[in-house]
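Engineer: Let me begin by handing over the structure; questions about it come next.
The values are calculated or read from the model by the stated rules, or taken from the named source; none is laboratory data. Everything numeric in this text was worked out from a predicted model, so none of it was measured. Cβ placement follows ideal geometry from the backbone for every residue including glycine, while neighbour counts extend to all protein chains displayed.
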């Protein structure tokens, strides 16, 4: 009987020793062969700046295509066209007065505002053969054209402001653009896209 008990004791202690030896071996393998990861690897670093920015460069042709597609997406009762010319921005449309379609052409001088919006000051305009005050023409445009919310006509200042900083680019409103350069003569148009 003692012989049977000793066999079980030997088998039991051999199994326990084997398991302990296996655990020690696994511990040593993990400790020696797997890299040590420091705690700071999991700590997110604070950004130096709260925003990231990207510079977008384009030219008149590409921006004209974009403007035309935006106008096409937001149809208006009165057809109109906005085009970047050699030195100015040109608005063309027609107004129906007493059953007559009268052509309207307004040339704007573009200027980048300090906040990145684009101020278009009236340089010249024609309304058929009539000479009307610029503020009146802009008031008529403001009444009859359905423009995007970020385009504001300022009749008293004889200007139109394109508030590109108000254009919603993504749903969370964490991304916006602003003009850096708007040089039509040299065909250099630069916008900065900012991610907050």
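Engineer: Identify, by number, the condition in (1) in contact (Cβ under 8 Å) with a residue 40 or more places away in the chain; (2) surrounded by fewer than 17 Cβ atoms within 10 Å (Cβ to Cβ); (3) farther than 26 Å from residue 76 by Cα that residue 144 doesn't meet.
Structural biologist: Exception for residue 144: condition (3).
Engineer: Quick check: is even one residue across the stretch 42-60 part of a helix (DSSP H, G or I), closer than 30 Å to residue 137 by Cα and either modelled with pLDDT of 80 or more or not assigned by TED's automatic domain parsing to the domain that holds residue 188 (or both)?
Structural biologist: Residues of the stretch 42-60 part of a helix (DSSP H, G or I): 42, 60.
Narrowing the set further to residues that are closer than 30 Å to residue 137 by Cα leaves 60.
Going one step further and asking which of them are either modelled with pLDDT of 80 or more or not assigned by TED's automatic domain parsing to the domain that holds residue 188 (or both), we end up with 60.
Yes, that holds for at least one residue.
Engineer: Could we say that residue 103 is part of a loop (DSSP other than H, G, I, E, B) and modelled with pLDDT under 90 here?
Structural biologist: no
Engineer: Separate question: Of 171, 152, 148, which residue is in a strand (DSSP E or B) and closer than 30 Å to residue 195 by Cβ?
Structural biologist: It is 152.
Engineer: Follow-up question, since we're still on this one. Which members of the stretch 166-188 meet the condition of being within 9 Å of the chain's Cα centre (by Cα), within 24 Å of residue 61 (Cα to Cα) and surrounded by fewer than 17 Cβ atoms within 10 Å (Cβ to Cβ)?
Structural biologist: 167, 168, 169
Engineer: Select, from 154, 84, the only residue that is surrounded by 12 or more Cβ atoms within 10 Å (Cβ to Cβ), in the same structural domain as residue 181 (by TED's automatic domain parsing), out of contact with any strand residue (DSSP E or B) (no Cβ under 6 Å at 6 or more places or on another chain) and without any contact (Cβ under 8 Å) to a residue 24 or more places away in the chain.
Structural biologist: After applying the criteria, what remains is 154.
Engineer: I'd like the full set of residues that are assigned to a loop (DSSP other than H, G, I, E, B) and under 23 Å from residue 73 (Cα atoms), limited to the stretch 155-164.
Structural biologist: Our first condition is that a residue be assigned to a loop (DSSP other than H, G, I, E, B); within the stretch 155-164, this holds for 158, 163.
Correct list: 163 only.
Engineer: For the stretch 116-134, does any single residue satisfy the condition of being more than 30 Å from residue 193 (Cβ to Cβ), modelled with pLDDT under 90 and in a helix (DSSP H, G or I)?
Structural biologist: Looking through the stretch 116-134, at least one residue is more than 30 Å from residue 193 (Cβ to Cβ), modelled with pLDDT under 90 and in a helix (DSSP H, G or I).
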